[in-house]
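A.B. asks: Before I ask anything, here is the structure I am working with.
The values are calculated or read from the model by the stated rules, or taken from the named source; none is laboratory data. Computed from a predicted model, the values in this text were never measured in an experiment. Don't worry about glycine lacking a Cβ; one is built from the backbone with ideal geometry, like all the others, and counts go over all protein chains shown. When the accessible area is computed, the model is the full protein with side chains, heavy atoms only, and any ligands, DNA or RNA have been set aside. Shrake-Rupley method; radii C 1.70, N 1.55, O 1.52, S 1.80 Å.
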Amino acid sequence: MTIRINGTDYDPPEDARVSLLDLLRDRLQLTGTKVGCNQGACGACTVLIDGRRVLSCLTLAAQADGRKVTTIEGLGADGLHPLQAAFLEHDGLQCGYCTPGQICAAAAMLVEAEAGMPSYVTADLTAPVTLSRDEVRERMSGNLCRCGAHNGIVDAILSVAQERAA
Amino acid sequence: MSRVQNVIVGTARSALSWVPAQWLPGGTPDPLIGRHGEIGRQASRIDGEIKVRGEARFAAEVAMDGLCYATLVHSTIARGRIARLDSTAAETAPGVLLVVTHRNMPKVASPSLVSMSDPTAVGNSDLPILQDDRVHYNGQVVAAVVAATQEQADHAATLIAIDYEAAQAETRFGQAKSGARIIPSLLIERNHLSFGKAERELARAPHRVDNLYRTQWQNHNAIELHALTAAWVGDRLTVHDTTQMIAGEAAALAKAFGIPRDQVQVLSPFVGGGFGGKGMWDHQIVAVAAARMVGRPLRLQLSRESVYRIVGGRSATEQRVAIGADADGCFTALLHDGWSVMPPYGACPEAYTLGTRSAYRAKSFEILQRHIDIAVVPNTFMRAPGEAIGTFALESAVDELAHNLAMDPVELRLRNMPDKHPITGAPFSQHAQDQAWRDGAARFGWEQRAAKPGTRREGEWRIGMGCGGGSFPYVRMPGAAVRLTVRRDGTATLACSGQEMGMGTATVVVQQVADRLGLPLSAVTVEIGDSALPAAPMAGGSSQTVSIAAAVLAAAEKLPAELLRLAGNSSPLSGLRAGEVRMEGEGLASASEPARRETFRAILSRANLEEVSVTASGTPPLEMLKFAMHSTAAMFCELRVSDVTGEIRVDRLLGSFDCGTILNPRTAASQFRGGMIMGLGLALTEETLLDERSGRIMNPTLADYHVPVHMDVPQIDVIWTDIPDPRSPLGARGIGEIGITGIAGAVANAVFNATGKRVRDLPITLDKLL
Ligand code: FES
Ligand code: FES
């Protein structure tokens with residue numbers, strides 16, 4: 001089988017130990033996906049597999065076999081993705097290192113909320129989810145930012161959520 | 001930092017106090033101050049788009065043919081020697097190219113410790129690097145494995161067997177205090193400072209507070225890991241590193257490996273966060289040596305654990321602050337002393353008393369820092385080293401005094417605002433912290449604070465407000481050089497080896513070049529991040545922007561003469577001298593007859609030249625010696641504390657700043673907020689846990705060291721006075737570190753206001769409130 005990454009098929013690596021993260025960064029030069037901990041604690045390595053957010057450092061490349069992976073490079077393949085534009089507009093970045101992970105996580109998070117998945121701060125577990133500032137903050141808490149771009153990141157995501165709801 | 005240095009700085013200061021201010025840099029304020037141009041506008045980050053696309057190439061992302069990968073092995077004892085090291089299994093493991101230990105590491109002298117007087121001295125530790133079998137702290141590098149892939153290197157590293165012969169090591173802060181030493185200087189300031197009879201004033205003051213405050217070990221935790229990709233071609237070395245000191249690192253590597261400076265190129269166009277942690281440590285030396293040994297380009301990306309083990313953070317401190325006040329709340333005594341760690345092989349004095357010297361007026365001062373030696377990775381500069389934690393102790397003490405006096409804490413601070421440097425008497429270049437306090441209090445709604453602690457409540461939550469002052473000295477580094485090029489197509493480029501770590505440096509450089517040359521923003525580009533360019537100083541001390549700005553100013557002053565020379569006799573400018581023209585409207589114009597003008601394009605076309613370049617350095621930063629120059633802040637916090645769990649939630653945070661001209665409101669606001677958020681971590685969540693028995697860091701992971709996450713960060717309001725500093729380039733002062741100063745105090749004071757409980761020990765975790 002093959003791993004389809006941003007629309008192109010790749011063979012899984014021969015070394016079974018290779019994580020999806022290292023496949024992307026070291027072997028395919030898709031270095032838009034970042035690494036901050038290699039143990040699932042920072043979110044910098046977030047990519048989408050079949051549209052859902054995963055931490056590529058905790059995913060063996062072999063686990064992505066036969067599935068569709070989207071990285072930051074594939075997200076805005078034709079022009080800027082609305083989230084990428086919103087991050088620029090709201091200065092949701094400083095060093096830019098956590099940024100691809102934040103954007104990929106946000107892309108999947110918007111879909112999760114639209115599908116009605118509740119979070120820790122959702123009051124009514126059965127009603128449709130409205131993305132408040134607190135909802136976004138809670139749902140994005142797996143993505144660390146050390147520069148402190150948090151306010152801009154949440155503003156950017158809220159602006160896209162509102163556009164999509166309209 | 002020696003006695004000699006004290007004498008030199010002292011002598012220079014007293015000589016300068018006789019020099020009229022207008023003779024000094026900034027005596028005639030920078031002509032750009034107050035002019036409406038690109039400076040002061042919300043220009044977007046010039047590197048924003050490639051960053052959101054994931055196209056910005058960081059140090060560990062440079063592809064090279066034949067690249068191999070390295071992993072480090074760390075000691076598990078604090079002090080002693082390696083009795084046995086068996087690397088046979090590692091050497092024969094698949095893919096392994098090399099195991100480096102003290103047995104085969106080439107002779108390399110460690111870089112000299114960081115020094116204010118030598119920009120090429122950039123070492124954070126001067127311990128030997130893999131030169132012998134001795135171990136000096138728990139986590140020190142004892143071996144490195146190089147293999148064809150990262151997986152192979154990581155696996156082989158686990159196969160190295162080491163037996164140690166442990167020696168006695170002091171690893172306990174409390175016990176090491178008795179052997180503390182007193183160093184003469186803290187950076188360029190005298191350490192011990194005695195002004196008036198502070199202990200006596202304190203004893204006789206009608207109101208006084210006198211308490212001990214403790215702050216924790218911390219780590220920078222930039223999200224990008226320390227990493228470099230190094231390649232040798234013959235005796236030429238190219239290093240892609242993530243560093244805050246490009247020029248210094250290139251010089252240090254040249255020295256360490258015995259090659260001429262121009263044979264080393266360090267490239268670091270993007271740095272994924274630094275905060276003081278991305279300097280020279282052992283890993284660069286090991287990686288560069290290993291690359292030479294294997295004869296292949298090599299990448300060493302530290303694991304997060306390795307970063308904790310060999311890159312030091314902020315020292316823990318124990319600080320005493322005592323304040324005596326008269327019946328009106330005017331300070332009669334201000335005492336600040338304490339202990340922090342500085343091993344003899346490290347260089348960071350953690351100057352937590354520096355801010356205290358200029359924060360408030362007082363009749364007497366007594367200030368002293370003591371340094372203790374324990375066997376740990378050397379602590380280093382971390383965002384607002386000293387000030388971030390010194391203001392916690394000082395601003396908590398002021399709050400405690402206000403409570404004793406039954407006075408509003410803002411009022412007490414305003415009553416003790418200095419109008420000149422309280423100790424040296426030096427005039428402030430510009431100082432409007434009082435305005436920052438008043439503007440901040442009004443905007444925050446400070447009047448809603450309950451004067452009596454523990455009286456506001458909503459359900460299980462007690463609610464409180466607190467405030468804290470912050471201050472950070474203005475620093476401009478000597479020796480920044482830039483090259484300014486103007487081209488025939490009407491564009492210009494500013495080049496220097498500066499570093500962009502997310503502060504927005506590159507963006508404001510473009511803005512000021514546009515203003516200096518009278519060009520539109522779109523015509524200006526910047527080249528930074530390369531040691532082959534004219535040497536900029538390191539990014540540290542919130543000094544980079546003004547240091548580069550002074551050099552840009554010098555280059556822009558040189559450029560008109562060059563252009564007039566090229567313009568020749570048939571130009572409308574013919575006969576004019578450099579002092580008689582201005583750069584505006586994409587060219588030169590006569591200052592007195594603005595109709596006499598010619599564009600850069602026209603001048604260069606006639607001269608048949610593609611471009612003209614000038615290189616210049618900034619003037620020596622004498623303004624720092626003549627004036628008291630500080631960025632200041634007033635911080636406000638509102639939070640809730642749960643009666644049930646002791647959990648603290650910060651609901652509102654406001655920073656009100658007086659930092660001179662704000663060059664770009666958008667990137668500046670992000671800088672301020674970033675500092676404030678790191679301050680929240682210092683106050684509430686972050687702590688590097690050292691096992692005091694073994695000297696080993698017990699939580700070297702982002703899972704166990706808690707940096708603030710989205711849910712911990714409220715919406716943060718930032719405002720500023722925007723009053724230009726007449727003594728600095730562009731009227732600006734530093735903004736990168738002021739954001740973290742004052743926050744921990746504001747949070748602790750809000751916790752007291754909410755609960756009536758005074759916590760003098762950071763971080764304020766819920767167990768301390770139950
Ligand atoms: S690198 Fe995957 S979560 Fe940090
Ligand atoms: S922008 Fe630097 S870590 Fe988030």
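A.B. asks: Mind listing whichever residues of the range B:162-214 are polar (S, T, N, Q) and farther than 30 Å from B:ALA83 by Cβ?
C.D. replies: Across the range B:162-214, the qualifying residues are B:SER178, B:SER185, B:ASN191, B:SER194, B:ASN211.
A.B. asks: Please give the number of the condition B:TRP339 fails out of (1) closer than 30 Å to B:ARG208 by Cα; (2) hydrophobic (A, V, I, L, M, F, W, C); (3) part of a strand (DSSP E or B); (4) open to solvent by less than 10 Å² (accessible area, probe 1.4 Å).
C.D. replies: Among (1) closer than 30 Å to B:ARG208 by Cα; (2) hydrophobic (A, V, I, L, M, F, W, C); (3) part of a strand (DSSP E or B); (4) open to solvent by less than 10 Å² (accessible area, probe 1.4 Å), the lone unmet condition for B:TRP339 is (4).
A.B. asks: Out of (1) within 30 Å of B:SER531 (Cβ to Cβ); (2) outside any strand (DSSP E or B), the odd one out for B:VAL486 is which?
C.D. replies: B:VAL486 satisfies all of (1) within 30 Å of B:SER531 (Cβ to Cβ); (2) outside any strand (DSSP E or B) except (2).
A.B. asks: How many residues are under 22 Å from the mean Cα position of the chain (by Cα) and within 10 Å of another protein chain (Cβ to nearest Cβ) when one looks only at the range B:673-705?
C.D. replies: Within the range B:673-705, residues that are under 22 Å from the mean Cα position of the chain (by Cα) and within 10 Å of another protein chain (Cβ to nearest Cβ) number 11.
A.B. asks: Within the range A:46-95, work out how many residues are under 30 Å from B:PRO665 (Cα atoms) and over 14 Å from the mean Cα position of the chain (by Cα).
C.D. replies: Here the count works out to 12.
A.B. asks: Please enumerate the residues belonging to the range A:26-36 that are open to solvent by 10 Å² or more (accessible area, probe 1.4 Å) and either out of contact with any Asp or Glu (no Cβ under 8 Å at 6 or more places or on another chain) or at the interface with chain B (Cβ under 7 Å from one of its Cβ atoms) (or both).
C.D. replies: Of everything in the range A:26-36, those that are open to solvent by 10 Å² or more (accessible area, probe 1.4 Å) and either out of contact with any Asp or Glu (no Cβ under 8 Å at 6 or more places or on another chain) or at the interface with chain B (Cβ under 7 Å from one of its Cβ atoms) (or both) turn out to be A:ASP26, A:ARG27, A:LEU28, A:GLN29.
Condition check ((1) surrounded by fewer than 19 Cβ atoms within 10 Å (Cβ to Cβ); (2) farther than 21 Å from B:ASN211 by Cβ) across all residues:
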| site | (1), (2) |
| --- | --- |
| B:ALA347 | no, yes |
| B:ALA351 | no, no |
| B:THR356 | no, no |
| B:PRO378 | no, yes |
| B:ASN404 | yes, no |
| B:GLY425 | yes, yes |
| B:ASP439 | no, yes |
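A.B. asks: Of all residues in the range B:210-229, count the ones that are more than 16 Å from ligand 2 (Cβ to nearest atom) and open to solvent by 10 Å² or more (accessible area, probe 1.4 Å).
C.D. replies: Qualifying residue count for the region: 5.
A.B. asks: Does the range B:659-680 contain at least one residue that is closer than 22 Å to B:VAL546 by Cα and assigned to a strand (DSSP E or B)?
C.D. replies: yes
A.B. asks: Please give the number of the condition B:TYR164 fails out of (1) open to solvent by 50 Å² or more (accessible area, probe 1.4 Å); (2) not assigned by TED's automatic domain parsing to the domain that holds B:PRO94.
C.D. replies: Every condition holds for B:TYR164 apart from (2).
A.B. asks: Say we look at the range A:140-159 and pick out the residues that are within 16 Å of ligand 1 (Cβ to nearest atom) and without any contact (Cβ under 8 Å) to a residue 40 or more places away in the chain; which of these is most open to solvent (accessible area, probe 1.4 Å)?
C.D. replies: A:SER141
A.B. asks: Based on this model, can you work out whether B:PRO620 counts as more than 30 Å from B:ALA169 (Cβ to Cβ) and part of a loop (DSSP other than H, G, I, E, B)?
C.D. replies: Spelling it out, B:PRO620 is indeed more than 30 Å from B:ALA169 (Cβ to Cβ) and part of a loop (DSSP other than H, G, I, E, B).
A.B. asks: State whether one or more residues within the range A:111-121 are within 25 Å of B:PHE58 (Cβ to Cβ) and at the interface with chain B (Cβ under 10 Å from one of its Cβ atoms).
C.D. replies: Scanning the range A:111-121, I find no residue that is within 25 Å of B:PHE58 (Cβ to Cβ) and at the interface with chain B (Cβ under 10 Å from one of its Cβ atoms), so the answer is no.
A.B. asks: Which numbered condition in (1) within 16 Å of ligand 2 (Cβ to nearest atom); (2) farther than 24 Å from B:GLN152 by Cβ is the only one that A:LEU48 fails?
C.D. replies: (1)
Residues checked against (1) crowded, with 22+ Cβ neighbours inside 10 Å; (2) among the basic types (Lys, Arg); (3) in contact (Cβ under 8 Å) with a residue 40 or more places away in the chain:
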| site | (1), (2), (3) |
| --- | --- |
| B:LEU484 | yes, no, yes |
| B:THR493 | no, no, no |
| B:GLY504 | yes, no, yes |
| B:VAL509 | yes, no, yes |
| B:ARG516 | yes, yes, yes |
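A.B. asks: For A:LEU125, indicate whether it is facing another protein chain (nearest Cβ under 7 Å), part of a loop (DSSP other than H, G, I, E, B) and aliphatic (A, V, I, L, M).
C.D. replies: The answer is no for A:LEU125.
A.B. asks: Return a yes/no flag: does the range B:246-266 have any residue that is within 12 Å of another protein chain (Cβ to nearest Cβ) and crowded, with 21+ Cβ neighbours inside 10 Å.
C.D. replies: no
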